[in-house]
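Heads up: the structure comes next, in structure tokens.
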Amino acid sequence: MLELYRLLDAVPKGLLREGKKGIEKESLRVTGDGRIARSPHPCVLGSALTHPHITTDYSEALLEFVTPPFPEVRESLDFLCQIHQFVYKNLDDELLWMTSMPCALAGENSIPIATYGRSNVGMMKHVYRRGLMYRYGGAMQAIAGVHFNYSLPSDLWPVLKDFVNDSSPLQEFISNYYFHLIRNFQRLGWLIPYLFGTSPAVCKSFLPNRPTGLAEFDAHTLFLPYATSLRMSDIGYKNTTQASLNISYNDLDEYVTSLTHAIETPFPEYEKIEVVVNGEYRQLNANILQIENEYYSFMRPKQIARSGEKPTLALKRRGVQYVELRALDVSAYDSVGVNENQLRFLEAFLVLCVVYDSPPMSAEETRRIDYNQRMVVSYGRDPSLRLQRQGRTTSLRDWAREIYDHMQGVCELLDGGTSERLYSAALETQLPAINDPECTPSAGLLTDMRANKEPFSEFAMRMSKRHEQYFKQLVLPEARAKQFKQVAEESLQRQGAIEAADEVSFEEYLKRYFAQS
């Protein structure tokens, strides 16, 4: 482990806090009776294809709000709040569902697949989602989450490079250290669903006629007594096909090579689906992954791709720009699905992942990591749960407390001697949950459902209406409202221009896209 106090001496005060933080938050549009909305993406919100802040994810009803990256988390949260205010001004009789697991579903056909217009790039996004439906089922397209985007301060990299006496080119060093961070996040990231998981239960309509191993909470709800995040479990984003991919996080080249192999390797089960049937595309291809985004992991290395550029090529050409933490559930207890203490804790946690030593990951360690992640999302609050660590087992609580102790030094570094001690205070708010699993949000959600004798869908609707009322009583600053309206109009114009510029068939467009190297 790097010596924190030596690093403290090497880093100018306050510099570490200047890392950029952005938020992506998903929410289903639902009707007043808690059913998934079948209406198209509201035109007044702009184009889901080109709007920088308001788009859709897998489903047409699954809104995704994207903030710019800010150096201060309060700025990110304020921007996210204002997006919610603008959207609620234009939702008519619909509201935003405030949990990760979806509302009552009326079968696979009740979940509309997102559409992005008639351009080739828009059709590619739609067909990709259609492929997800054929491969994994439509219900997965209704799951929501929160992503935390983080980049270390640009001025920190030369300081850190000198500190560790690395002679490689700066961008190579930056990419290597982001993979250093990602490997440690894989090792320690089980702590995130434990502390912040808020999906221990799900409406029965999400899993109709499927054996799940889940227990019955009531006539309408399934759950696991010690679960933290069913969203991250085998009934959510995880699946057996991807479990055997062995995507490497040891360096950028290995990551790109292993991910590209999965995108280019045919898979017999997907070949049975076929790519084009009666002139209609069912999926982009019949390979293990259609594109990079299909691979789900707790964290992704990211580089902003240019128009039409494959994400793996963007990484290969320009290196890692930031990391995307994808392990957060939507918090039913926070109006925007996430809160300030949570984000400050995550920032400090990611810095810890930089500070820790990070040797390459072996196949055996990868199996241990997968085991720990699976166990924590399904059984994380079980006091007897033991996790695998370097050839032995350890209790979750003991390991979590060790991480907490190490984070104290990181938080002091981030606080930089300020009287507010915002990062140290954010860390301290998590200590009760580390000491007692009944203090976690997942436990609190089940306690609320029991106390109110309500199934999951009623709990989620109650919280959704509470947050709807909160946003509707806020006043959106006139300048921001004008900005959002203008951005929406401009996004529709950009979509029209993209559609008018297409000169090749969709088949040819896909051929050229996948031929990039």
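The values are calculated or read from the model by the stated rules, or taken from the named source; none is laboratory data. Just so it is clear, the model here is predicted, and its values are computed rather than measured. In this analysis, Cβ positions are derived from the backbone assuming ideal geometry, glycine residues included, and neighbour counts consider all displayed protein chains. The area values use the complete protein model at the heavy-atom level, side chains included, leaving out ligands, DNA and RNA. Shrake-Rupley method; radii C 1.70, N 1.55, O 1.52, S 1.80 Å.
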Just one of (1) closer than 30 Å to Glu18 by Cα; (2) hydrophobic (A, V, I, L, M, F, W, C); (3) exposed (fewer than 15 other Cβ atoms within 10 Å of the Cβ) trips up Trp399, so point out which.
(3)
Spot the failing condition for Asp78; the list is (1) surrounded by fewer than 23 Cβ atoms within 10 Å (Cβ to Cβ); (2) assigned to a loop (DSSP other than H, G, I, E, B), and only one is missed.
(2)
Residues in the range 418-431 that are outside any loop (DSSP other than H, G, I, E, B) and either open to solvent by 20 Å² or more (accessible area, probe 1.4 Å) or under 21 Å from Arg231 (Cα atoms) (or both): how many?
4
The correct count of residues that are open to solvent by less than 30 Å² (accessible area, probe 1.4 Å) and not in a loop (DSSP other than H, G, I, E, B) in the range 83-125 is 13
Just for strands (runs of 3 or more DSSP E) wholly inside the range 147-224: which have at least 2 residues that are surrounded by 15 or more Cβ atoms within 10 Å (Cβ to Cβ) and either touching a Lys or Arg at 6+ places or on another chain (Cβ under 8 Å) or among the aliphatic types (A, V, I, L, M) (or both)?
201-203, 221-223
Which residues, taken from the range 233-251, are modelled with pLDDT of 95 or more and either outside any loop (DSSP other than H, G, I, E, B) or among the acidic types (Asp, Glu) (or both)?
Asp251
Unmet requirement for Tyr470, which otherwise passes all of (1) hydroxyl-bearing (Ser, Thr, Tyr); (2) open to solvent by less than 60 Å² (accessible area, probe 1.4 Å); (3) over 30 Å from Val354 (Cα atoms):
(2)
Tally, over the range 308-317, of residues that are free of Cβ contacts under 8 Å to residues at least 40 places away in the same chain and either part of a loop (DSSP other than H, G, I, E, B) or open to solvent by less than 40 Å² (accessible area, probe 1.4 Å) (or both)
1
Just one of (1) modelled with pLDDT of 95 or more; (2) open to solvent by 20 Å² or more (accessible area, probe 1.4 Å); (3) in contact with a Cys (Cβ under 7 Å, 6 or more places away or on another chain) trips up Arg35, so point out which.
(1)
Residue tally, condition under 24 Å from Ser248 (Cα atoms) and either in contact with a helix residue (DSSP H, G or I) (Cβ under 7 Å, 6 or more places away or on another chain) or open to solvent by 70 Å² or more (accessible area, probe 1.4 Å) (or both), over the range 371-392:
9
Test each condition in (1) buried (at least 16 other Cβ atoms within 10 Å of the Cβ); (2) farther than 27 Å from Leu350 by Cα; (3) polar (S, T, N, Q) for Gln303 and report the one that comes out false.
(2)
What number goes with the only condition from (1) farther than 28 Å from Tyr116 by Cβ; (2) surrounded by 13 or more Cβ atoms within 10 Å (Cβ to Cβ); (3) without any contact (Cβ under 8 Å) to a residue 40 or more places away in the chain that Gln483 does not pass?
(1)
If I filter the range 443-453 for residues that are surrounded by 13 or more Cβ atoms within 10 Å (Cβ to Cβ), touching a His at 6+ places or on another chain (Cβ under 8 Å) and assigned to a helix (DSSP H, G or I), do I get at least one hit?
no
Being touching a residue at least 24 places away in the same chain (Cβ under 8 Å), farther than 26 Å from Ala139 by Cα and among the small types (Gly, Ala, Ser) narrows it down to one residue among Gly32, Gly22; which is it?
Gly22
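One line per residue, one yes/no per condition, for (1) over 28 Å from Leu284 (Cα atoms); (2) modelled with pLDDT under 95:
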{"residue": "Glu108", "(1), (2)": "no, yes"}
{"residue": "Asn120", "(1), (2)": "no, no"}
{"residue": "Leu152", "(1), (2)": "yes, no"}
{"residue": "Leu156", "(1), (2)": "yes, yes"}
{"residue": "Arg183", "(1), (2)": "yes, no"}
For the range 387-412, pairs from a residue that is of a type in the set (S, T, N, Q) to a residue that is open to solvent by 10 Å² or more (accessible area, probe 1.4 Å) and part of a strand (DSSP E or B), with Cβ under 6 Å and 6 or more apart or across chains, are Thr393/Arg386; Ser395/Arg386
Selection from the range 360-382 of residues in contact with an Asp or Glu (Cβ under 9 Å, 6 or more places away or on another chain) and assigned to a loop (DSSP other than H, G, I, E, B) yields Pro360, Arg381
What's the number of the only condition in (1) open to solvent by less than 30 Å² (accessible area, probe 1.4 Å); (2) assigned to a loop (DSSP other than H, G, I, E, B) that Tyr128 fails to meet?
(2)
Subset of the range 432-442 that is under 24 Å from the mean Cα position of the chain (by Cα) and in a helix (DSSP H, G or I) - its residue that is nearest to Asn184 (Cα to Cα)
Ile434
Residues within the range 74-97 that are within 18 Å of the chain's Cα centre (by Cα) and either farther than 19 Å from Leu474 by Cβ or among the charged types (D, E, K, R) (or both), tallied:
1
Tell me which residues, restricted to the range 390-431, are at pLDDT 95 or above, farther than 20 Å from Asn341 by Cβ and of a type outside the set (Ser, Thr, Tyr).
Arg392, Leu396, Arg397, Asp398, Trp399, Glu402
Hits in the range 280-293 - residues which are surrounded by fewer than 20 Cβ atoms within 10 Å (Cβ to Cβ) and either within 21 Å of the chain's Cα centre (by Cα) or closer than 30 Å to Tyr194 by Cα (or both)
Glu292, Asn293
Exactly one of Ser47, Ser27 is buried (at least 21 other Cβ atoms within 10 Å of the Cβ), in contact with a Gly (Cβ under 8 Å, 6 or more places away or on another chain) and in a loop (DSSP other than H, G, I, E, B), and that one is Ser47
